[in-house]
1. Taking segment B:288-300 as the region of interest, how many residues are surrounded by 19 or more Cβ atoms within 10 Å (Cβ to Cβ), in contact with a helix residue (DSSP H, G or I) (Cβ under 6 Å, 6 or more places away or on another chain) and not in a loop (DSSP other than H, G, I, E, B)?
2. In segment B:3-18, is there at least one residue being under 20 Å from A:ASN57 (Cβ atoms), in a helix (DSSP H, G or I) and hydrophobic (A, V, I, L, M, F, W, C)?
3. Hey, could you check segment A:197-236 for residues that are assigned to a loop (DSSP other than H, G, I, E, B) and away from chain B (no Cβ under 14 Å) and say which is farthest from A:LEU321 (Cα to Cα)?
4. I'd like the full set of residues that are free of Cβ contacts under 8 Å to residues at least 40 places away in the same chain and within 14 Å of another protein chain (Cβ to nearest Cβ), limited to segment A:41-54.
5. Of all residues in segment B:186-236, how many are surrounded by fewer than 19 Cβ atoms within 10 Å (Cβ to Cβ) and in contact (Cβ under 8 Å) with a residue 60 or more places away in the chain?
6. Take the residues of segment A:311-324 that are at pLDDT below 95 and not in a loop (DSSP other than H, G, I, E, B): which is surrounded by the fewest Cβ atoms within 10 Å (Cβ to Cβ)?
7. Take the residues of segment B:19-57 that are more than 8 Å from DNA strand C (Cβ to nearest atom) and not in a helix (DSSP H, G or I): which is farthest from the chain's Cα centre (by Cα)?
8. For residues that are closer than 23 Å to B:LEU260 by Cα and of a type in the set (Asp, Glu), scanning just segment A:228-286, find the one that is nearest to the chain's Cα centre (by Cα).
2 protein chains.
Amino acid sequence: MPTMSEVARAAGVSTSTVSYVLSGKRSISEETRRQVQEAVSRLGYSPHAGARSLASNRSNVLGLMAPLRADVNVSVVMQFVAAVVSAAREFDQDVLLLTQDDAEGIERVTSRSMVDGLIMMDIEAADPRIPRLAKLRKPAVLIGLPDDAQGLSCVDFDFASASKIAVRHLADLGHQSVAFIGSPPASLARHATYADRAASGFEQACRDAGLGCSLHASGATSADLGEVLDHIFRSGRGDSAVTGLVVHNEALVPMLREALAGIGLSVPDDVSVVAVAPVDVATASARPWTAVSIPAREIGRAAVEMVMDRLNSDKPVELRLILPALDVRTTTAAPPHR
Amino acid sequence: MPTMSEVARAAGVSTSTVSYVLSGKRSISEETRRQVQEAVSRLGYSPHAGARSLASNRSNVLGLMAPLRADVNVSVVMQFVAAVVSAAREFDQDVLLLTQDDAEGIERVTSRSMVDGLIMMDIEAADPRIPRLAKLRKPAVLIGLPDDAQGLSCVDFDFASASKIAVRHLADLGHQSVAFIGSPPASLARHATYADRAASGFEQACRDAGLGCSLHASGATSADLGEVLDHIFRSGRGDSAVTGLVVHNEALVPMLREALAGIGLSVPDDVSVVAVAPVDVATASARPWTAVSIPAREIGRAAVEMVMDRLNSDKPVELRLILPALDVRTTTAAPPHR
DNA sequence: CTGTTAGCGCTTTCAT
DNA sequence: ATGAAAGCGCTAACAG
């Protein structure tokens, strides 16, 4: 591996000139720039990350703490991870992956100056990582909205509004009684903020619209789904029967039509369904789901932008909520006549 | 952040002594060790990663290139990722996450000395990353078995044997005609090595055991599954009817019982099923699947071990195959009498 | 517009 | 068993 001084020698300039050509931090004559660049590519030079970080206090690496918990939907998590990694690359950053069970990870990577900033996923209402992060004086952004962000930036999808839009859509279609199928009990129990907010947004929207409603946590298996549907529809098909479903549980969406068919319910004739899920799960079916899409790419990108902002400028801490949009597809319609 | 020389001063020793008590690379009197350690923890010292990597040519970071492709089962990928990260931590390494679409990622992280070694997932038979990796002269291990590893270490689950064990189990139970439901067409098309090997292992095992067999690629949706089952069972329930299924497609397992029930087939009375899947998907159901478990933790751990071996010793390149084991649970039985 | 140079914080000879 | 000191390769004053 050639070093910067070899490049300098080859180009007939000083190392600082090479450094400045590479960083663009001061003006360079066209002539020298060319020579340097030629030398760089001829020698196949690339800067030593450690040396750079030692001299500049910048590692060009972002830490990403991603949950690998049993109750989270890994494929959704993966989408966020992918989004963060690819957004980071646009800012010339790499991503160091930390997992929740590496308790001292936050302190380690930051005290060793391995990362310039941190992004934390799967935030809980009173997440114990927040005070530790806040102490750190490194740019950090939470994907999620905790009770107290302690001066950290936050970004998330507006899950509350997502539920509300879904409910309003069902109300507009004339539904009177709707149910919410949400995250696994464990997610609720630990107050993962998306789970809480989606559920409470639903509840409130139903109150506002005067709809009858019920909320149900559900695991990811078809057995779990069966149980929940049983609860929801067991009361018979009378006047107050549930005719609309909002499903915020990515794992269940693919099984839902079949499960409903199994209890004699057809979509959307007997029951309308709005999914709250990444667009690809909503459109995976031949008869795509009416859905509020979770824009993972956009959220991941925003998170990276926000760390970079705090790293490069004195932009203040912000809280960004990504607003939901409803895509009406094939799974919602007016409720059945009784 | 305190530096090593501050620690040295506080402990009344030289920086080299501090360095040596931290690395254990030379013997230190009990007395000095204590003093140094006391200073370290009192000041909350932790070494600057960049400085260390500059001086020692070690970053203590492993690169992990993980696929985020549409046709791979993300939750399985995530299990491997998690396994690699947690194994890496046991060797005091962190993990830098690279994605497939970051084409120059391999060269970047290695030429900048950001990583000490690389682990590459989701290997294809003639993976274009392999020659690039091989050129690098950095320890690298492939999770998968390409046609030509070009001198790189490989580790993987023995998918061929996994299929064989499954087939033999069905044959032993008396099944005469079996079918294989495998990876999505796209995985086969690009010759992801696990997909190829599982399929060809199945085929060969059937030939060896004299069983009638058919192979089917399948996407991850219940519609895909429906189609495949239709193909398999449409020919009626005659003499040569399929009575055994080997399913190597994690996404489908949870939907399988219901889908079979939908066409009037009950498990294991009408059809026996062996899953090839991570243990948690096999046991997620109330009636757990007979399965050959994919030991993601073990594979991830082996991959890390192998990079570290090549990093720290002159152990030769190896190829490790993790052998499969069958767990008979509730979904296999003798075929129905006709 | 360019060069000189003093570190950044650590590891590791070489001495003792 | 310990210390002194020479780098590792880069950045960013400072000096022209």
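1. 5
2. Yes - at least one qualifying residue is present in segment B:3-18.
3. Step one: list which residues in segment A:197-236 are assigned to a loop (DSSP other than H, G, I, E, B), which gives A:210-211, A:217-221, A:234-236.
Retained after the next criterion (residues that are away from chain B (no Cβ under 14 Å)): A:210-211, A:217, A:234-236.
Details: A:GLY210: 26, A:LEU211: 26, A:ALA217: 24, A:ARG234: 37, A:SER235: 38, A:GLY236: 39 Å.
Per the criteria, the residue is A:GLY236.
4. Of the residues in segment A:41-54, the ones free of Cβ contacts under 8 Å to residues at least 40 places away in the same chain are A:41-42, A:49-52, A:54.
Those that are free of Cβ contacts under 8 Å to residues at least 40 places away in the same chain and within 14 Å of another protein chain (Cβ to nearest Cβ): A:SER41, A:ALA49, A:GLY50, A:ALA51, A:ARG52, A:LEU54.
5. Qualifying residue count, segment B:186-236: 3.
6. Initially, segment A:311-324 is screened for residues at pLDDT below 95, giving A:311-318.
Applying the additional criterion that residues be not in a loop (DSSP other than H, G, I, E, B) yields A:311-312.
Working: A:LEU311: 16, A:ASN312: 11.
Checking each candidate, the answer is A:ASN312.
7. B:SER29
8. Ranking the qualifying residues of segment A:228-286, first place goes to A:GLU250.
The values are calculated or read from the model by the stated rules, or taken from the named source; none is laboratory data. Because the structure is predicted, anything quoted here is derived from the model rather than measured. With ideal geometry, Cβ positions are generated from the backbone for all residues, glycine too; neighbour counts draw on all protein chains shown.
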